[in-house]
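Trainee: Sharing a structure with you now.
The values are calculated or read from the model by the stated rules, or taken from the named source; none is laboratory data. Bear in mind the structure is a predicted one, so any value in this text is a computation, not a measurement. Backbone-built Cβ (ideal geometry, glycine too); neighbour counts: all protein chains shown. Heavy atoms of the whole protein, side chains included, go into the accessibility calculation; ligands, DNA and RNA do not. Shrake-Rupley method; radii C 1.70, N 1.55, O 1.52, S 1.80 Å.
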Amino acid sequence: SRNVVWAGSYMEETRAFIHLGVDINAPVGTEVALDCAGEVIRIDSDTPEKHGWGTRIFFKLHDAPIVLLYAHLDPVLRYVVGDQVKSDSIFGTIGESSVNGYWYPHTHVQALTNEAYDAFLKNPGSLDGYATSNDIAQAARWYPDPIRYIRLT
């Protein structure tokens, strides 16, 4: 829960303080690689929305029923939708504030089950990096811990 971090912020209104992914802080321009083989299934951006996702890329993993989302990236990516990406392949870099949702330099990595991804496709505005404590049971089912699918090097 990030209720202390977000106290008094725009998040106070929704009370969505449970972070559903992992934030990896790194300088602007740091390369980001996919640690498990997968297929690029979506690329989008909400730039210049403040507190948004910036550029994000979705990978359907080959060896797990998981979609991995990476957000807050520079808009120049090395792959397009439909590309098969090998493990350890660099696909992008950490974006600067003006293109990453006006956040500090980092990437947000979030795992989605196939069910969660299908729900997102039906209502793209429903996907957030946070949930309320009332939604914790559903969030735990739909957004498993992404740590098992990433590593830091």
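Trainee: Tally Lys/Arg at +1 and Asp/Glu at -1 over every other residue whose Cβ is under 11 Å from the Cβ of TYR149; what's the total?
Mentor: -1
Trainee: Charges at C-beta only: +1 for Lys and Arg, -1 for Asp and Glu. How large is the resulting dipole of the range 34-93 about its Cα centre, in Debye rounded to 20? Don't skip to the answer; put the middle values down first.
Mentor: Numbers: 6 positive and 9 negative charges, 12 e Å.
Here the range 34-93 has a charge dipole of around 60 debye.
Trainee: Could you do me a favour and compute the accessible area per residue for the chain, 1.4 Å probe, result in Å²?
Mentor: 52
Trainee: Also: Residues with beta-carbon under 13 Å from that of ALA119, excluding ALA119: net charge, scoring Lys, Arg +1 and Asp, Glu -1?
Mentor: Here the charged neighbours net out to -2.
Trainee: Could you give the nm distance between label points at HIS62 and ARG42, where each point is 7 Å from its Cα heading toward the beta carbon?
Mentor: 2.3
Trainee: Using C-alpha positions alone, give me the convex hull volume of the range 14-80 per residue in cubic angstrom.
Mentor: So the per-residue hull volume is 124 Å³.
Trainee: Between VAL81 and ALA137, what is 0.36 nm times their sequence separation minus the Cα-Cα distance? Round to one decimal in nm.
Mentor: Roughly 17.0 nm would be gained on extension.
Trainee: Out of (1) 19.0, 66; (2) 19.2, 59; (3) 14.7, 43, which label holds the value of Rg and Dmax of the Cα atoms in Å that was computed here?
Mentor: (3)
Trainee: How much of ARG56 can a 1.4 Å solvent probe reach, expressed as accessible area in Å² and rounded to 10?
Mentor: Using a 1.4 Å probe on the heavy atoms, I get roughly 20 Å².
Trainee: On to the next question. How big is the charge dipole of the chain about its Cα centre, in debye rounded to the nearest 20, if each Lys and Arg gets +1 on its Cβ and each Asp and Glu gets -1 on its Cβ?
Mentor: 160
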